[in-house]
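Encoded as structure tokens, the structure appears first; notes follow it.
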Amino acid sequence: MADLLAMAVDSSIWMNLLTMPASELKQTMESRELREERPKADELLERRHDVDVEAEILDWFDSCEIIGENSTLHTASEIMEKGGDVEVIAEGIWLLAEWASRGTWRCMEGRGFLYLEPYIGGELEGVDELYSYSTWLVVLSTLQGMTQDEYAEAVVLDWMARREELGETLDQKQDPLILSTMQSHQRLAKALHRMSRMIDQERLTLLSRREWSSYLIAGFGGFNIGTLLSSAVKEGDS
């Protein structure tokens with residue numbers, strides 16, 4: 001089963017990377033000059049080390065031949081328009097967003113219902129709704145009215161109730177994984193709550209996607225990487 005990914009991105013830094021001339025961005029990544037501008041990682045969220053993300057970005061520049069004095073986004077979109085591998089090009093745009101992020105909240109897709117569904121005022125009709133703008137908008141708003149501990153407790157209580165409904169045990173003697181699972185739910189709930197506060201207070205952009213799915217549809221609401229690349233192509237033609 002794939003994981004649900006929700007990445008909190010500083011959109012101003014991301015856009016600065018995308019609008020920087022391609023050759024300049026590659027050079028500054030190689031020299032590590034941009035590291036001081038990378039947002040601070042949040043301790044409760046996942047985030048890869050600078051060197052790992054930079055290495056993948058530089059591989060992307062080389063494999064897609066992202067070079068020249070035009071912006072990185074425009075250069076990438078032109079290569080896409082000329083028949084370049086669309087998915088590989090979109091992956092590079094995602095990598096630049098990852099570099100500009102505070103971190104990523106990740107959970108197993110099936111568990112996503114536990115963290116999101118009780119806070120939307122109804123039931124999610126399917127897995128796709130875990131990635132919808134309306135779902136996240138309501139959840140993020142609802143979490144603003146709860147403390148971190150209140151949310152973590154509510155998630156655990158809901159998880160316990162769901163187990164009981166399914167006839168599953170809550171006795172640690174019968175299932176030694178009960179305690180570690182509960183602690184995992186608490187940790188993920190606190191991380192999601194923290195991310196909701198960061199998005200609100202720091203005006204961050206949320207990019208959500210299903211792991212192993214197309215990078216083109218990674219986004220939030222009507223915005224995604226596919227539309228970003230397409231709009232850059234149109235602007236270049238105008």
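The values are calculated or read from the model by the stated rules, or taken from the named source; none is laboratory data. Remember, predicted model here, so these are calculated numbers, not experimental data. Counting neighbours? That spans all protein chains shown, and the Cβs are built from the backbone with ideal geometry, glycine included.
General remarks:
- Filtering region 144-152 for residues that are hydroxyl-bearing (Ser, Thr, Tyr) and surrounded by 15 or more Cβ atoms within 10 Å (Cβ to Cβ) leaves a non-empty set.
- Of all residues in region 94-126, those satisfying the criterion of being farther than 25 Å from residue 203 by Cα, among the aliphatic types (A, V, I, L, M) and in contact (Cβ under 8 Å) with a residue 24 or more places away in the chain are 108, 114.
- Hits in region 184-211 - residues which are under 15 Å from the mean Cα position of the chain (by Cα) and among the small types (Gly, Ala, Ser): 191, 196, 208
- Residue within region 178-188 that is closer than 17 Å to residue 8 by Cα and either of a type in the set (Ser, Thr, Tyr) or at pLDDT below 95 (or both) present: no
- Long-range neighbours under 6 Å by Cβ, at least six apart or interchain, first residue under 15 Å from residue 22 (Cβ atoms) and touching a residue at least 12 places away in the same chain (Cβ under 8 Å) within region 71-86, second hydroxyl-bearing (Ser, Thr, Tyr) and assigned to a helix (DSSP H, G or I): 71/19
- Residue 81 charged (D, E, K, R), more than 23 Å from the chain's Cα centre (by Cα) and farther than 29 Å from residue 188 by Cβ: yes
- Counted residues, region 28-54 - those being surrounded by fewer than 13 Cβ atoms within 10 Å (Cβ to Cβ) and either touching a helix residue (DSSP H, G or I) at 6+ places or on another chain (Cβ under 9 Å) or over 17 Å from residue 205 (Cβ atoms) (or both): 9
- Unmet criterion (only one of (1) crowded, with 20+ Cβ neighbours inside 10 Å; (2) in contact with a helix residue (DSSP H, G or I) (Cβ under 6 Å, 6 or more places away or on another chain); (3) assigned to a helix (DSSP H, G or I)) for residue 226: (1)
- When residues of region 92-103 are limited to those that are over 14 Å from residue 73 (Cβ atoms) and surrounded by fewer than 23 Cβ atoms within 10 Å (Cβ to Cβ), the one farthest from the chain's Cα centre (by Cα): 102
- Within region 174-214, considering residues that are within 17 Å of residue 119 (Cα to Cα) and without any contact (Cβ under 8 Å) to a residue 60 or more places away in the chain, the one surrounded by the fewest Cβ atoms within 10 Å (Cβ to Cβ): 197
- Candidates 54, 87 - the one that is out of contact with any Leu (no Cβ under 8 Å at 6 or more places or on another chain), of a type in the set (D, E, K, R) and in a helix (DSSP H, G or I): 54
- Top-ranked residue of region 115-143 - restricted to ones that are over 13 Å from residue 192 (Cβ atoms) and among the aromatic types (Phe, Trp, Tyr), ranked as surrounded by the most Cβ atoms within 10 Å (Cβ to Cβ): 131
- In region 49-63 there is no residue matching the filter, namely being more than 13 Å from residue 17 (Cα to Cα), within 19 Å of the chain's Cα centre (by Cα) and in contact (Cβ under 8 Å) with a residue 60 or more places away in the chain.
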